[in-house]
Structure formats: structure tokens, C-alpha cells
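The values are calculated or read from the model by the stated rules, or taken from the named source; none is laboratory data. Note that the coordinates shown come from a computational prediction; the quantities given were computed from them, not determined experimentally. Reconstructed Cβ throughout: ideal geometry from the backbone, glycine too, with neighbour counts over all protein chains shown.
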Amino acid sequence: MKKQPLATDVGGVIKEHKRFEGDVRWVPGARWALCRLSRMYKLHIISHVKPDEEVRLRKLLKDSFVHYYIAEKNWHFVYTRQDKINVMKRYNINTLIDDRPDIIEWVEESGLRGILFRSKTFPDWCTVVRALKSFCK
């Protein structure tokens, strides 16, 4: 059975937003969630970065647990947030997990599905996995 593609942002979803230089904190439950979701979905990253930060973010992800669940060829970095929609359409990705309401609004206006991470409906990874997989420990 062919896995359906599913995308997630990085900042605020997999990795906490940077607080100070050199500070890397992973969102609680991110590793668990990527492991569970990778069994059902072909996972992608679609993340907005500044051009001078892409190399550093790629290295950070390669040196972490992320590459075990999301193949590097499925890491898509965009320089404008609106380009996330273009990547979703190019790779037939129907759902994006993101922590920015404006991104989710653009996704939904494009006829695609957005999951607003850390919202009342999806406050954590457990609720996201439950919604996407009907399974949560």
C-alpha cells in the first residue's frame, strides 16, 4: 500500500523556536510522533528558513533523530512562507502541520488541510497523532 504524503514544519513543531544562540530544544513528543506517523505516512518537512540558515538547519536535522523518520530528499526549505503551498501542491501533500495560524489559513484557503499545532484542538503531538492515526499512548 502506497503511503500518503504528510508534511510538518520544523520551528515550533519539531524543534522549539530558538531562544538564544546554540540553544536546541526539541518539542516534547516530536520523536515519538514522527516514529508513529512514519509508519503510515510518507513524511515531508516544509519549513520557512532564511537563505543563510538552511545549511545549519540541515546539519542540525541530520545530527538528530529526524533523519530516521523523514528522508533528507523530503526536506523542503522555502524562503517565503507562501511557498509552502507550492511545495504541497508539487508533491501532492494534502496536510501540513504548522504552528502559525496564518500558514494554516493559507493552506485551507488553497483547499488543503492544515493542522494548527499547539492550538486548542491540537495542543501537543499526542492529539495530532490521534487525529491522524486514531492511536495514542
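Quick notes on this structure:
- If you go through segment 105-118 and keep only what is in a helix (DSSP H, G or I) and either surrounded by fewer than 15 Cβ atoms within 10 Å (Cβ to Cβ) or in contact with an Asp or Glu (Cβ under 9 Å, 6 or more places away or on another chain) (or both), you end up with 105, 107, 108, 109.
- For segment 91-104, residues that are exposed (fewer than 14 other Cβ atoms within 10 Å of the Cβ) and farther than 16 Å from residue 48 by Cα total 1.
- Segment 71-82, residues that are out of contact with any helix residue (DSSP H, G or I) (no Cβ under 9 Å at 6 or more places or on another chain) and at pLDDT 95 or above: 71, 73, 74
- Residue 121 being modelled with pLDDT under 95 and assigned to a loop (DSSP other than H, G, I, E, B): no
Per-residue answers, yes or no, for (1) acidic (Asp, Glu); (2) closer than 14 Å to residue 125 by Cβ:
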| residue | (1), (2) |
| --- | --- |
| 4 | no, no |
| 17 | no, no |
| 23 | yes, no |
| 30 | no, yes |
| 37 | no, yes |
| 47 | no, no |
| 55 | no, no |
| 64 | no, no |
| 74 | no, no |
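- Against the test of being small (Gly, Ala, Ser), more than 19 Å from residue 73 (Cα to Cα) and in contact with a helix residue (DSSP H, G or I) (Cβ under 8 Å, 6 or more places away or on another chain), the options 7, 33 yield a single qualifying residue, 33.
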